[in-house]
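Below: the structure, in structure tokens.
Here, each number is a calculation from the coordinates, and none is a lab measurement. Computed from a predicted structure; not experimentally measured. We place every Cβ from the backbone using ideal geometry, glycine too, and count neighbours over all the protein chains shown.
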Ligand code: CLF
Ligand code: SF4
């Protein structure tokens, strides 16, 4: 079968890209990507990325190995499964775990179609990599092509180690999104552009935006309604009415193909678009060794914005993971790190010998919902344990503010 025929066949079985497929074929999201590189004004990081997900429900975070194993398990239970997507809970391109997951799923379930959804900031650098991993369906959420409008939608963009804000942030994001869309389209991938319609902010700009993304290679456009979320700058704004949204889609359908059956699903959604079955599988967590499903266990939700810093003097990152006696927890915000709490570790358990594993376990348990740990050094075993639990280990030294500048 030629590559074009393969793509057409995958398209006919993609429940989001093809309306006819959505009652017959199922998709599964694997939540392997907790970190994000921008801040949208409608997003509360406690929840899933709302560029492609319904906010208000947090997902568990899986390791790539757990995700690949879960895919095989779900595939055995839902024969209509045709697409595996990565859509959060943060931005897939800001998480190396995305690529490992795609690699594992492509290896273990080559008949499934791979799909990715991103804010686009890191897409240009990764388009070829995605293509080489077999991804042919990419969604970019783009809410403006005019930086003045974009500045109202995005609080900040982390670029080249700096936090950009306002028009400068929007300019950079738009430049990268445009390049990412073009590059994916040139490679032969089908690009869907999601636009979050925010009345009074970007609604009057949407027709121009649709023309813009179409001219850069978008295959289909999905106009999503804003869902105002507590604790965000857009909490007090209203969602567009169904009539306003329909009118916008009708108007824009003259310029681009419109998706009209989106369900704004969770980053761990599973099943037909109209019939989410994720709760049936929420506690599935294979052992990660590829030996098949193990006993279901609950996975603690980690907050990707929380950083536990190993420090004895309270000023510097000065302890290795295995001998840490105290951590300071910070939340990383666009305005810098905010202190959250202290953690003291019970150091009575031996740090070597047979009880070393329990000692490490005790430290891990004390980290609670932290998605990241910053330490001077870490051994192979604890590092693997953290990875399996969805906690990122960062090696750093010296003053805490310097270590948290990422
Ligand atoms: Fe997932 Fe998105 Fe792929 Fe579909 S969802 S990554 S393209 S497999 Fe689909 Fe869900 Fe709407 Fe997304 S209904 S939120 S459009
Ligand atoms: Fe939130 Fe990042 Fe997704 Fe924007 S791209 S909605 S900030 S997780």
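Look at where the Cα atoms of the range 244-264 and of the range 93-111 average out, and the two centres are 31 Å apart.
Fully extending the segment from residue 342 to residue 384 would add 12.7 nm, taking 0.36 nm per residue of separation and subtracting the current Cα-Cα distance. Available extension along the chain between residue 96 and residue 44 is 16.5 nm, counting 0.36 nm per residue and deducting the alpha carbon span. With everything on Cα atoms, drop me the angle between helix 96-108 and the longest principal axis of the chain, reported from 0 to 90° to the nearest 10. The two axes meet at around 70 degrees. Just to confirm the number: angle between the C-alpha axis of helix 123-132 and the first principal axis of the chain, 0 to 90 degrees, nearest 10? Tilt of helix 123-132: around 90 degrees. Its convex hull of Cα atoms gives the range 87-206 a direction-averaged projected area, equal to a quarter of the hull surface, of 7.5 nm². FRET efficiency for the residue 253 to residue 397 pair, using the beta carbon distance and R₀ = 35 Å, is estimated at 0.05. Taking the fewest neighbouring Cβ atoms within 10 Å as the starting point, the ordered list for 118, 141, 333 is 333, 141, 118. Highest mean packing first, where packing is the average number of other Cβ atoms within 10 Å per residue, the peptides 371-380, 64-73, 232-241 line up as 64-73, 371-380, 232-241. The packing ranking, built from the mean of other Cβ atoms within 10 Å per residue, places the peptides 220-227, 109-116 in the order 220-227, 109-116, highest first.
Spin-label model, residue 103 to residue 5: label points 7 Å out along the Cα-to-beta-carbon direction sit 3.2 nm apart. Between the Cα long axis of helix 64-77 and the first principal axis of the chain there is an angle of about 50°, rounded to the nearest 10. Compute the Cα gyration tensor for the range 144-226, then decide on rounded, prolate or oblate, letting a ≥ b ≥ c be the square roots of its eigenvalues: rounded whenever a/c is under 1.5, prolate when a/b is larger than b/c in the other cases, and oblate in all that remain. The shape class here is oblate. Rounded is the label for the range 3-281, because the ratio a/c of its alpha-carbon gyration tensor axes (a ≥ b ≥ c) stays below 1.5. When shorter helices are ignored and each DSSP H run of at least 4 residues is given -39500 (n - 2.57), the per-residue value for the chain at 222 nm works out to -9000 deg cm²/dmol. Highest mean packing first, where packing is the average number of other Cβ atoms within 10 Å per residue, the peptides 261-267, 38-44 line up as 38-44, 261-267.
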